[in-house]
Amino acid sequence: MKKILGILLVMAVLLCNVALADNLEDSKALFDEAVATLMTTDNHPMLAPGVTFDVPEAVGTYEELEQLEDTNPDKWHYYEYLDWDTSADATFPESPADGAKGKHVICIVHGAHAWTTCYSEAFQAACEAVGMTCDIYDPNWDQSTQDGYIDQAINEQPDAIVLIPLSADHAAQQFKKITDAGIPAFCSNTLPEASAMNFIRAYTGPNDWYQMRVLANQLGEDLGGKGGVAYITHNVGGSPYYARCFGPMSELGSKYPEIEHLDIQSPGFEASAVKQVVSDWITKYGDKLNAIVLADDSDQAIGAAEACKAAGRDDIIIVAAGISKQGAELIQSGDLSACSYQSCQGDAGLAVRTVAEYFNGEDIARVSFIGTDIINAENVESFLPCQW
């Protein structure tokens, strides 16, 4: 009897190993098919591989760099680069390497927005294409609600959790909780503080700083290296706040020292509120206001454009992070000079690609970014129809 039971046990193990091998083979086939065929609505690959960047050496400690002027790029090193001490990394859950097919992922986003809707739909489509299932939780921009969703997700014991953190400096404790629970944690879209990477298996998303520096260089050329610039920010405290304001400001400060930085305001994303701020700037600064840098190319851009039109100021150059349907239309009409290409579908796709590669037993980069372009009147048609 014992001999029969032993034989049955061996057979069960062999069958299990065969099933796991079959699942991995199926997973890789699904992955390859998804990478080759899944496209964004503007006809770019949704599951394109990520881009990596070298991290330059910091010229001082965080405390030392904080004392520098906002226009000095060195000040923002620890905001821009995920330059963390890898020797302090937590012990990450090891990949089962048995395939992404059948795995369940919970994605916790930041809040309700047209961009988030587009991202969420793309995340679901990408998961389905590689054989995974997913749930998406939306805390609607509330930190305590997002923390509660993390607790809920941990209790549900998914195979992985993907989080878009609401606050860079709160992210470390969020990801530590996930990793300590034995669940692989992936950060998407919004950069956390560098120390949070000690608890994050991988970060994927846009290189906001790089994109905004490239956009700022274009603006500096358009201004001829002179003039006055004002800034409308993203939500205060998140990584886009720093990247989309102090990225272009410090780039202009280092490359175009004759440019004057007039003001920074954070009115949110309502077009009417932005319109009022820009109208006040036009009244206050007059001809000294030559350009405006926006964190958003949709409602913020609409408000800024309306203010400039109302004041008869078609000479003010407006650039923004993008790209939305409204932003593309404003570029076509000439009201917006240029914006960065930040694919929300590609953002979701890279997150799903990385999670799938992890379950397929592939080596994954700790940090990888979606690609970028600068969109203007000459090339906007190549990025239509817009994703959101």
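The values are calculated or read from the model by the stated rules, or taken from the named source; none is laboratory data. For clarity, every value in this text was computed on a predicted model and none was experimentally measured. In this analysis, Cβ positions are derived from the backbone assuming ideal geometry, glycine residues included, and neighbour counts consider all displayed protein chains. Just the protein is used for accessible areas: all its heavy atoms, side chains included, with ligands, DNA and RNA removed. Shrake-Rupley method; radii C 1.70, N 1.55, O 1.52, S 1.80 Å.
Listed by chain and number, the lysines whose C-alpha is less than 30 Å from the C-alpha of Lys288, apart from same-chain residues fewer than 8 away, are Lys75, Lys226, Lys255, Lys275, Lys309. Taking one quarter of the surface of the C-alpha convex hull of the range 107-158 gives a mean projected area of 3.5 nm².
Computed from point charges on the beta carbon alone (+1 for Lys and Arg, -1 for Asp and Glu), the dipole magnitude for the range 92-213 about its Cα centre is near 300 Debye. For the range 230-388, the extents of the C-alpha atoms along the principal axes are 59, 32, 28 Å, listed from largest to smallest.
Computed from the C-beta positions of Glu57 and Asp169, the FRET efficiency with R₀ = 35 Å rounds to 0.90. The angle between the Cα long axis of helix 299-310 and the longest principal axis of the Cα atoms of the chain comes to about 10 degrees, rounded to the nearest 10. Per the Kirkwood formula applied to alpha carbons, the chain shows a radius of gyration over Rh ratio, Rg over Rh, of 1.04.
Expressed as an acute angle from 0 to 90° and rounded to the nearest 10, what is the orientation of the C-alpha long axis of helix 2-37 relative to the principal long axis of the chain? It is inclined by approximately 20 degrees.
Here's the picture: charge each Lys and Arg Cβ at +1 and each Asp and Glu Cβ at -1 in the range 253-388, and of Pro267, Pro257, Ala328 the one pushed furthest to the positive end of that dipole is Pro267.
In plain terms, the chain is cut at each of the GluC sites (Glu not before Pro) found in a DSSP loop with at most 16 other Cβ atoms within 10 Å, and the longest leftover piece is 95-257. Volume per residue of the convex hull around the Cα atoms, evaluated for the range 217-290, comes out as 84 Å³. Expressed as an acute angle from 0 to 90° and rounded to the nearest 10, what is the orientation of the C-alpha long axis of helix 114-130 relative to the principal long axis of the chain? Taking the Cα atoms of the chain, the angle to 114-130 is about 30 degrees.
Think of the chain as having a plus end and a minus end, set by charges on the Cβ of Lys, Arg, Asp and Glu; of Tyr231, Pro96, Gly220, Pro96 sits farthest toward the positive end of this dipole. Taking all protein chains together and rolling a 1.4 Å probe, Asp263 ends up with roughly 40 Å² accessible. Taking H as built 1.01 Å from N, whose amide H comes closer than 5 Å to the amide H of Ser298, not counting residues under 5 places away? It is none; the list stays empty. Based on C-alpha pairs under 8 angstrom that are at least 6 apart in sequence, the chain has a relative contact order of 21 percent. The modelled label-to-label distance between Arg366 and Asp74, using points 7 Å beyond Cα along the C-beta direction, is 2.5 nm. Which one of Ile106, Ala168, Ser144 has its Cα pushed farthest toward the positive end of the charge dipole of the chain, where Lys and Arg give +1 and Asp and Glu give -1 at the Cβ? Positive-end residue among those listed: Ile106.
In a DSSP loop and with at most 12 other Cβ atoms within 10 Å, the trypsin sites (Lys or Arg not before Pro) in the range 223-315 are Lys226.
How much accessible surface area, in Å² rounded to 10, belongs to the heavy atoms of Ile323 with a 1.4 Å probe? The accessible area of Ile323 comes to roughly 10 Å². Taking a ≥ b ≥ c as the square roots of the eigenvalues of the Cα gyration tensor, an a/c ratio of 1.5 or more together with a/b larger than b/c marks the range 41-167 as prolate. Put a plus charge on the Cβ of each Lys and Arg, a minus charge on the Cβ of each Asp and Glu, and nothing anywhere else: the dipole of the chain about its Cα centre is then about 720 debye. Solvent exposure of the range 200-270, expressed per residue, is 33 Å² of accessible area, with all protein chains present and a 1.4 angstrom probe. Here the calculated FRET efficiency for Ala29 and Phe269, from their Cβ-Cβ distance with R0 = 35 Å, stands at 0.25, rounded to the nearest 0.05.
Label-to-label distance for Glu381 and Ala97 is 5.0 nm, based on points extended 7 Å past Cα in the beta-carbon direction.
Calculated mean residue ellipticity at 222 nm for the chain: -14000 deg cm²/dmol, from DSSP H runs with n ≥ 4 weighted as -39500 (n - 2.57), summed, divided by the residue count and rounded to 500. Relative to the Cα centre, the charge distribution of the range 215-322, modelled as +1 at Lys and Arg Cβ and -1 at Asp and Glu Cβ, gives a dipole magnitude of about 140 debye.
The range 37-77 and the range 133-177 have Cα centres spaced 23 Å apart.
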